Amino acid sequence: MTNLDIASPAPPAAIPPQDLEALRQTLRGAACMPREAGYDEARTIWNAMIDRRPGLVVRCEGAADVICALEVARRHGLVLAVRGGGHNIAGSAVCDGGLQIDLSPMRWVRVDRENRIAHVGPGATLGDVDRETQAFGLAVPTGINSTTGIAGLTLGGGFGWLTRKYGMTIDNLISADVVLSDGRLVRASESENPDLFWALRGGGGNFGVVTNFEFRLHPVGPQVLSGLVVHPFEDARDILTRYQHLLDEAPDELTCWAVMRQAPPLPFLPEEWHGRKVLILAMIWTGDMEEGEKATAALRGLGTPIVDVVSPHPFVGWQAAFDPLLAPGARNYWKTHDFAQLDAALIDTLIEAVGRLPGPECEVFLAHVGGAMSRVAPDATAYPQRQAHFVMNVHTRWREPSEDSACIGWARDLFQAVAPHALGSAYVNFMPEDEAGRIREAYGPNYRRLAEIKRAYDPDNLFRTNQNIAPA
C-alpha cells in the first residue's frame with residue numbers, strides 16, 4: 001500500500017448514539033457500523049488494493065436518504081466518500097474513518113421508449129442499463145465493462161464502443177437530480193442550473209451527489225458486428241502503423257481498439273498461443289451488417305492473424321465480453337495519456353515495454369475515439385479533450401501484495417517514457433489516487449471555471465474524496 005502514498009486514515013466517525021439511532025429511524029435504507037450486516041459489502045470495491053474502513057456506511061434507497069446522510073456528515077465534520085458502482089481505480093468510493101454514502105441499492109433503469117429517454121439510478125451498472133435499454137433496441141453510449149457503475153463513468157466523461165457514433169456518455173446526459181453539500185435537491189440541465197450541469201459533465205463527483213440521471217437513447221442492435229482479431233506480437237509494429245492510417249478514414253460507425261498483453265485462455269484461440277504475447281484488435285460496427293463487412297475488411301485484412309472472430313453478436317454480450325478479464329478481487333493500478341497520433345517512436349516505446357510485461361494480466365490498450373465526440377466544442381462540457389485522438393490505459397493487474405512494486409513501477413516507467421508524445425490532457429476516470437497534482441493538467445482551460453463553480457456549490461469542499469477540484 002505504501003507504493004501509492006496513501007494518506008493517513010481519517011479519525012473514526014464520532015456520532016453520538018442518539019444521533020445514530022435518529023438517523024436509522026429516518027432512513028429507508030440502512031446505516032451500518034463496522035461488523036454489522038452490509039458494512040463489508042459496501043466498503044469492498046473493485047480494486048482490491050483499496051482496503052479502507054469507514055466509521056459509518058449509509059446504504060441509500062433514494063434522495064431523501066442521501067440528504068439525511070449529508071446532514072450527519074456536515075454536523076459531525078466527517079470525511080465523506082460516495083460510492084456508485086465502486087469501480088473507480090483510485091478507490092474514491094470509500095474512506096477511512098468517515099462516512100460512506102453507498103448508492104449501490106439505487107439500481108433502477110426506466111425506459112421511455114417513445115421519447116428515447118432513460119432514467120437511471122446512480123447505483124446502476126452499465127450491464128443494468130444495457131439489458132434494460134436493449135429490450136427496446138436502444139442504448140446509451142457508455143464504457144466497455146458491464147460491471148462499471150454508470151454514475152462514476154458519466155461524471156468523469158464516459159467513452160466506449162458507441163462514442164464515435166453517438167458521442168460521450170456526458171453528451172447524452174439530458175439532466176441530473178443532485179443533492180448539494182447544503183442538503184438541497186436540485187435539477188441540473190441546460191435550462192436549470194446550467195453551470196452545475198456543465199460541471200457535472202466531466203467534473204467528477206466534486207459538486208454533489210447525483211440521485212438520478214436522464215439520458216438520451218439511440219437505436220443500436222440488438223445485433224452488432226463485433227469481435228476480435230488476434231495477431232502475433234511480433235507483427236505489432238507493422239499492424240499498429242497501418243491500423244492508425246486506416247482509422248484516420250474510418251466512418252463513425254466503426255470503432256477499433258488495440259490491446260497488447262499475454263493471450264488469455266480464450267476458447268477460440270489455439271492452445272499453443274495461451275500465455276504468449278499478442279496484439280488484439282477489438283472492433284465494432286454499429287450500422288448495417290452488410291456495410292459493416294465491407295467497412296471492417298481492411299482492418300481485418302492486416303497481416304496474418306491467428307484468429308478472426310468478428311461476426312454478428314448481441315450488443316449486450318459484446319458490452320460484457322471483457323468482464324472475465326476485469327472481474328473484481330485483483331489488485332489494479334493504471335496510468336493514462338492522450339495522444340493525437342501513434343508516431344513511430346511512440347509505437348516502438350510501447351512495444352519495448354510490452355516486451356517486459358510484469359505479469360500475465362497486465363496490458364496496454366489504445367482506445368481510438370473521435371467521430372461525434374470530436375465535434376463537441378472543448379468548452380461545451382467540463383471534459384476538455386475533444387479532438388480525435390487515442391486514449392492509452394496502462395493497466396497493471398496482479399494478485400499478491402509482493403508484486404506491488406514491480407507492477408506499479410513498470411506502469412510508472414512506461415507512463416514517463418511515452419510522456420513526450422502525449423497531449424498533456426487526461427481522462428480522470430483512468431487516473432490513480434497518486435496523481436492529485438495532475439488535476440489542473442487534466443482539465444486544462446476548463447479548470448478555472450470548474451473551481452469557480454465548486455466555490456458556488458461546495459465552498460467547504462465537503463466532496464473532496466475524489467479527483468478533487470478545490471474551490472476557487
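No value in this document is a laboratory result; all are computed from the given coordinates. Only a predicted model underlies this, so the values are computations on that prediction, with no experimental measurement involved. For neighbour counting, all protein chains shown are included, and Cβ atoms are generated from backbone atoms with ideal geometry for every residue, glycine included.
Among 219-225, 200-206, 184-190, how do they line up from the highest to the lowest mean number of other beta-carbon atoms within 10 Å? Don't skip to the answer; put the middle values down first.
Values: 219-225: 19.1, 200-206: 26.0, 184-190: 15.1.
In decreasing order of mean packing, 219-225, 200-206, 184-190 become 200-206, 219-225, 184-190.
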Note to self: Kirkwood Rh of the chain, Cα pairs, one decimal, Å, is 22.7
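Taking the square root of 5 times each eigenvalue of the Cα gyration tensor, what semi-axes in Å does the equivalent ellipsoid of region 223-430 have, largest first? Working shown, then result.
Values: eigenvalues 125, 103, 57 Å².
For region 223-430, the semi-axes come out at 25, 23, 17 Å.
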Mean Cβ-within-10 Å packing, highest first, puts peptides 422-429, 231-238, 51-58, 30-37 in the order 51-58, 422-429, 231-238, 30-37
Unit-weight point scatterers at every alpha-carbon of region 322-415, Debye formula, q = 0.10, 0.14, 0.15 1/Å: log10 I(q)/I(0) is -0.33, -0.62, -0.69
Straight-line reach check, residue 165, cutoff 27 Å on alpha carbons, 8 or more apart in-chain or any other chain, hits among lysines -> 294, 335
Env charge @ residue 386, Cβ radius under 15 Å, K,R +1 / D,E -1, value -1
If every Lys and Arg gets +1 and every Asp and Glu gets -1 at its Cβ, then about the Cα centre region 223-430 yields a dipole, in debye to the nearest 20, of 480
Listed by chain and number, the aspartates and glutamates with an alpha carbon less than 13 angstrom from that of residue 277, same-chain partners under 8 positions apart left out, are 234, 235, 352, 361, 363
